[in-house]
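Data first, discussion second: the structure below is written as structure tokens.
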Protein chains: 2
Amino acid sequence: MQLTMKTKLTELLHRKVPILAWLPKYNVNAAVSDVLAGITVGLTLIPQAIAYASLAGLNPKYGLYSSIFGGVMYIFLGTTKQLSVGPTSIMALLCLTYTHDTSLEMVAFLTFLTGLVQLTCGLLSLGFVVEFVSLPVVSGFTSSTAIIMASSQLKYFLGIQFKPKNFLDMYVQLFKNIGKTKYSDLSLGVACVVLLLFMKRLQDIKLTDKEPPGVKIKYLKSFLWFISTGRNAFILMGCAIITYVLKNTHEKVPFALVGNIESGFPSLAFPPTHININGTDLGLLDMVSHLNTGIFLVPLVGLVANVAIAKAFSEGKIVDASQEMIALGMGNLAGSFINAMPVASSFSRSAVNNASGVQTTLGGLYTSIIVLLSLSLLTPYLQYIPQASLAAVLVCAVLTLVEIEIMAVLWKTNKRNFLTLVVTFAACLLIGIEIGLLCGICLDIFNLLHFNARPNVHFDKKVTDMGFEFWLFEPSGGLLFPTVDYLREVVLSKIYEDNNKNKMLHRTRAAGDVYIIINCSHIDKTDYTAAKGVVSLAQDLLHKKCQLVVINAIKSVQAAFVSADQNAYIHVYSTYQDFVSAIHKDFYDVRNSIDTLSELHHHDKVDHETIF
Amino acid sequence: MQLTMKTKLTELLHRKVPILAWLPKYNVNAAVSDVLAGITVGLTLIPQAIAYASLAGLNPKYGLYSSIFGGVMYIFLGTTKQLSVGPTSIMALLCLTYTHDTSLEMVAFLTFLTGLVQLTCGLLSLGFVVEFVSLPVVSGFTSSTAIIMASSQLKYFLGIQFKPKNFLDMYVQLFKNIGKTKYSDLSLGVACVVLLLFMKRLQDIKLTDKEPPGVKIKYLKSFLWFISTGRNAFILMGCAIITYVLKNTHEKVPFALVGNIESGFPSLAFPPTHININGTDLGLLDMVSHLNTGIFLVPLVGLVANVAIAKAFSEGKIVDASQEMIALGMGNLAGSFINAMPVASSFSRSAVNNASGVQTTLGGLYTSIIVLLSLSLLTPYLQYIPQASLAAVLVCAVLTLVEIEIMAVLWKTNKRNFLTLVVTFAACLLIGIEIGLLCGICLDIFNLLHFNARPNVHFDKKVTDMGFEFWLFEPSGGLLFPTVDYLREVVLSKIYEDNNKNKMLHRTRAAGDVYIIINCSHIDKTDYTAAKGVVSLAQDLLHKKCQLVVINAIKSVQAAFVSADQNAYIHVYSTYQDFVSAIHKDFYDVRNSIDTLSELHHHDKVDHETIF
């Protein structure tokens, strides 16, 4: 007994702090794999961090800051070894949506609240909310976000500058300013895009038909994979070198550059409790109300990304969404102390991590070390990165997120899902990504509720061996408050129909009550409103000389009916057979008593006869 | 064919304008019943209208104005003859909640919007939303509303005056001012309450045990019923007469009076498009944003009341919620042109209407005529009604709405429903009735969604006649996006458990794949997300050497699986028997081919033997 208690405690501890489960078994082989994978991911992360920070309207160094704590916390609390937590394109765009026109402190505050909400919900085991975000909503949201992000980078390709108010305004301003296009930026950007697309294809080249391939071919394949995977880093590095050389030989560079990035490690500071924006002082509550829906949407989107990616890599292991929430929450909470932006898992980096053969979440440690090294060593060189090549990296990364095929599939198979996707997509583009996401979720919930209110009710007319006719209704799913009115309607309209038919055919129903049976074998739950509804159905049926019978109800459902039914309008039987026996027995009882009566009369007669 | 078309059109017309169905059959008997019932209801309505108007903070004449159009519109569009549409206590309180501290025009605007929303939703057939308001929510809302209303009348009993900010503040101020109590008002109020309670009991007195009762007893019973039903009117009339006499003999009256009520009919005017409150000019949008959640809650509450009362009187006929919405909406729209407050059906008046033997909705016409007569003839006398007796009428009316028994029933049978009721009740009292109602609805929807996400999954291990072992999972209800993760979890954890058990018992699974069967016979709907989830479950299972088989799926569910499953991970069979035949056939095919092979070998051998 004590042993099971201890086992359970250990299990709980392993679930809540996963590192305790794998660290005792950690060995040198795993460590080597983790170091290699961690470094590879780090080299992918640095250019992404810079790009996503500029997408969020922040100095690139904050992208690097954001890459430190998320991964470190995930080492201890994360459930899936392949996940790489850090800045992502969607989190960056959400961060921009909620904090633009404010200040750096607002970003830290958003990160803090995101972490707090995630941690709280995780500890309350509210991870299941993620199940209420359906694929069409995710797809519509992701596609539109990708399009918005790619569009926002177009101005860097053209080397022009403006501040758009929203998605449509962006294109309006772009066409207004198109005359100012700088061709040097444009050609660099296009060249980078072409190169990136080419390098991406490198790993798909079929080098040989021989099975197994030779050793040389194997190494060549690994080399191509390396070039292909590190393409972002190589392109940015190459462009930075070109700019550096140009600056030192020609004085002036023909491209717009990322600009100065301060080196050095971030300093620790508590997240702000009040900030000053354009001379207005905002208190804690003002800041909360400024962030508005962001307080729930940013944590939710981060969690959805994490759970989706974790599922993709889990190989059938159950993903504990609440635990992912805790891990992400702690990462964001810690990040908010060094002015990081909200973080989540990135699919591209997680894929690199997986392909690099990571063994445990400890790989994240080496990624963070690489980022810290870059902060102290690389920053003097990062300023030479041209904005057009950074834009090229971003556009190539996000445009793969636009999903077209799913629309065709949904149009063919499920028009409701198709509508959800289109509404989410359009609302995200035209109104705003946060409103779009909310629209999609609400539409889904509305569909779900509507489906709940309209269950299938199978209907059958049956006759027992002894010729008793009755009607059998069999609702599918739970009988809850939105359902019961519909059930009532179905039953009553069937009877109304039947009565009318009988009238038309000049038939009259045989004397005696008709039994209406509700088979509850698929009803696993009910509530007070539904039970009351069934009682009032029974009452309605009495007016039509029908008796309501309930069969196959589980205990809790029976109890609900009985408690709502003070006047015993409903007849409850355990099984169909019980019901049939009961009415047959009733019939016999009545016949027997009639027999007995006539026998008595007979005896009377006999007596009289003998007397007289 | 043309005939059915015509029949259908007639049916639709009768459903949308019910008067067309019954007016051709209208006769003198029905007309007499309607006149009598209409007048009786009118006499109940007048004191209620005055009381509810003062509850909503309006001059009593607006209560009378509000009693005109609702009933008239209901004649043409209403579905249930017993319903009496007009001012009700809950609508009055909601009206106060959303329009206090503004102006009369705001009330008209609220009425207009209420009508517009109801009409629009009715035309869009959105009446089913009413099914999402469960009995515990209605009960919690009604009880707390009744307590708030009764409490708000206490100051009139004590004859003191103050303006409370909210429910709690009302009691604070009441106790602060209790020293100023006027004993004349208090004694009149208490006397009225005692009389009202006594008169209410009159109709329950058992006069005789004889069956059938004599003619005298019958008339006495009718008389008592009349006194009991008209008690509000009699009490107010009596008190007004006493005050009138006192004023003419003693000059000064010891009670606070209702005050002057202008006589005359209301004038028609368009609802305002902008108003001025305390010097601030509010445009159309400002007014809409001021009314806030009221725009949806007031129409919804009105509809819930109407549908609930209609159901109580429908005797099993289906209540068309959308049509009720249209009838109410038209009533409110028309009312907003004469500055009425939002109206709905009143349970007490509908009960009087029913008891008076109303035959059609035309009874409402005579009620409206009585109200109009009172506006021209009675108003000079209405000013003599003491506020304490009006308060007594209100308190006695609303306190019957407080439901206590339901709490005990819910506590015993359904803790979730109990929680919903308590939360709704407490939030209504302590925060505000509109927030409380929203809290209750949200809690219900949350419960519903959570229930959806956790269906019952029956599990069984089976063996075919030929000894093939497989596992059968049978989820209840629809397989929609919030459900599929749970199903996946259940299936995988069962397999995980089983594998562990086998490991512990040092058994090894027999070679070959294990079949995991999902019986879809209870699944009547699915969506893309769920189908994708099942596909990824099939993929997960492959890692564990298991094959996923789907049986008994209806066409649309099969199509969804196939469209989501490009790589054919799922095996779809129509029935269980099909599946069993298929695996048995597979087995025979393999065995036959082995047999054939060995036969060939055998022949070979034989040949060899014969050769050598």
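The values are calculated or read from the model by the stated rules, or taken from the named source; none is laboratory data. As the structure is a prediction and not an experimental result, all values here were calculated from the model. Cβ sites come from the backbone with ideal geometry, for glycine too, and all protein chains shown count toward neighbours.
Annotations for the structure displayed:
- Residue B:575, sole failed condition from (1) under 20 Å from residue B:460 (Cβ atoms); (2) at pLDDT below 80; (3) surrounded by fewer than 14 Cβ atoms within 10 Å (Cβ to Cβ): (2)
- The helices (runs of 4 or more DSSP H) found wholly in the range A:161-238 and carrying at least 1 residues that are in contact with a Cys (Cβ under 7 Å, 6 or more places away or on another chain) and touching a residue at least 12 places away in the same chain (Cβ under 8 Å) occupy A:183-202.
- Residue satisfying all of: in the range A:135-157; under 12 Å from the mean Cα position of the chain (by Cα) and β-branched (Val, Ile, Thr); farthest from the other protein chains (Cβ to nearest Cβ) among these: A:142
- Residue match in the range B:104-111 (condition: over 27 Å from residue A:446 (Cβ atoms), polar (S, T, N, Q) and assigned by the TED database to the domain that holds residue B:54): yes
- Qualifying residue in the range B:459-472 (condition: of a type in the set (Gly, Ala, Ser), within 24 Å of residue A:523 (Cα to Cα), assigned by the TED database to the domain that holds residue B:586 and at pLDDT below 80): no
- Residue B:390 meets the stated requirement of being more than 14 Å from residue B:260 (Cα to Cα) and either touching a Pro at 6+ places or on another chain (Cβ under 6 Å) or buried (at least 19 other Cβ atoms within 10 Å of the Cβ) (or both).
- Only residues that are more than 30 Å from residue A:143 (Cβ to Cβ) and of a type in the set (A, V, I, L, M) were counted in the range A:422-475, giving 5.
- Taken across the range A:359-380, residues that are in contact with a Lys or Arg (Cβ under 6 Å, 6 or more places away or on another chain), within 26 Å of residue B:488 (Cα to Cα) and either outside the structural domain of residue A:300 (by the TED database) or among the hydroxyl-bearing types (Ser, Thr, Tyr) (or both) do occur, with at least one present.
- Enumeration of residues in the range B:512-540 that are buried (at least 24 other Cβ atoms within 10 Å of the Cβ) and either among the polar types (S, T, N, Q) or at the interface with another protein chain (Cβ under 7 Å from one of its Cβ atoms) (or both): B:526, B:527, B:528, B:529
- Residues that are within 20 Å of residue A:341 (Cα to Cα) and in the same structural domain as residue A:424 (by the TED database) do occur in the range A:128-145.
- Matching residues, the range B:54-91, being in a helix (DSSP H, G or I) and at pLDDT below 90: B:54, B:55, B:60, B:61, B:89, B:90
- Residue in the range B:9-39 that is surrounded by the most Cβ atoms within 10 Å (Cβ to Cβ), counting only those that are free of Cβ contacts under 8 Å to residues at least 12 places away in the same chain and of a type in the set (D, E, K, R): B:11
- Selection within the range A:432-445 - farther than 22 Å from residue A:523 by Cα and either in a helix (DSSP H, G or I) or at pLDDT 85 or above (or both): A:433, A:434, A:435, A:436, A:437, A:438, A:439, A:440, A:441, A:442, A:443, A:444
- Some residue of the range A:248-260 being among the aromatic types (Phe, Trp, Tyr) and in contact (Cβ under 8 Å) with a residue 24 or more places away in the chain: yes
- Check on residue A:478, away from every other protein chain (no Cβ under 11 Å), over 21 Å from the mean Cα position of the chain (by Cα) and modelled with pLDDT under 85: no
Yes/no matrix, rows are residues, columns are (1) in contact (Cβ under 8 Å) with a residue 24 or more places away in the chain; (2) away from chain B (no Cβ under 11 Å); (3) touching a Pro at 6+ places or on another chain (Cβ under 7 Å); (4) β-branched (Val, Ile, Thr):
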{"site": "A:417", "(1), (2), (3), (4)": "yes, no, yes, no"}
{"site": "A:432", "(1), (2), (3), (4)": "yes, yes, no, no"}
{"site": "A:455", "(1), (2), (3), (4)": "yes, no, yes, no"}
{"site": "A:461", "(1), (2), (3), (4)": "no, yes, no, no"}
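- Candidates in the range A:337-354 are the residues that are outside any helix (DSSP H, G or I) and farther than 23 Å from residue A:125 by Cβ; of these, the one that is nearest to the other protein chains (Cβ to nearest Cβ) is A:346.
- Matching residues, the range B:411-421, being over 13 Å from residue B:134 (Cα atoms) and either hydroxyl-bearing (Ser, Thr, Tyr) or in a helix (DSSP H, G or I) (or both): B:411, B:412, B:413, B:415
- Selection status of residue B:142, of a type outside the set (Gly, Ala, Ser), under 28 Å from residue B:189 (Cα atoms) and in a helix (DSSP H, G or I): yes
- Under the condition of being over 17 Å from the mean Cα position of the chain (by Cα) and crowded, with 19+ Cβ neighbours inside 10 Å, the residues counted in the range B:424-448 number 2.
- Scanning the range B:311-336 for residues that are surrounded by fewer than 24 Cβ atoms within 10 Å (Cβ to Cβ), within 14 Å of another protein chain (Cβ to nearest Cβ) and among the small types (Gly, Ala, Ser) yields a count of 4.
- Residue B:270 vs. criteria at pLDDT 80 or above and assigned to a loop (DSSP other than H, G, I, E, B): yes
- Some residue of the range A:542-551 being within 11 Å of chain B (Cβ to nearest Cβ) and surrounded by fewer than 12 Cβ atoms within 10 Å (Cβ to Cβ): yes
Residue-wise test of (1) charged (D, E, K, R); (2) loosely packed, with under 15 Cβ neighbours inside 10 Å; (3) not assigned by the TED database to the domain that holds residue A:108.
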{"residue": "A:238", "(1), (2), (3)": "no, yes, no"}
{"residue": "A:260", "(1), (2), (3)": "no, yes, yes"}
{"residue": "A:282", "(1), (2), (3)": "no, no, no"}
{"residue": "A:288", "(1), (2), (3)": "no, yes, no"}
{"residue": "A:292", "(1), (2), (3)": "no, yes, no"}
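- Whichever residue in the range A:357-380 is under 27 Å from residue A:59 (Cα atoms), at pLDDT below 85 and not polar (S, T, N, Q) and, among such residues, is surrounded by the fewest Cβ atoms within 10 Å (Cβ to Cβ): A:380
- In the set A:443, A:449, A:437, only one residue is out of contact with any strand residue (DSSP E or B) (no Cβ under 8 Å at 6 or more places or on another chain), on the phi < 0 side of the Ramachandran plot and more than 14 Å from chain B (Cβ to nearest Cβ); that residue is A:437.
- Residue tally, condition of a type in the set (Gly, Ala, Ser) and either assigned to a helix (DSSP H, G or I) or free of Cβ contacts under 8 Å to residues at least 40 places away in the same chain (or both), over the range B:118-135: 2
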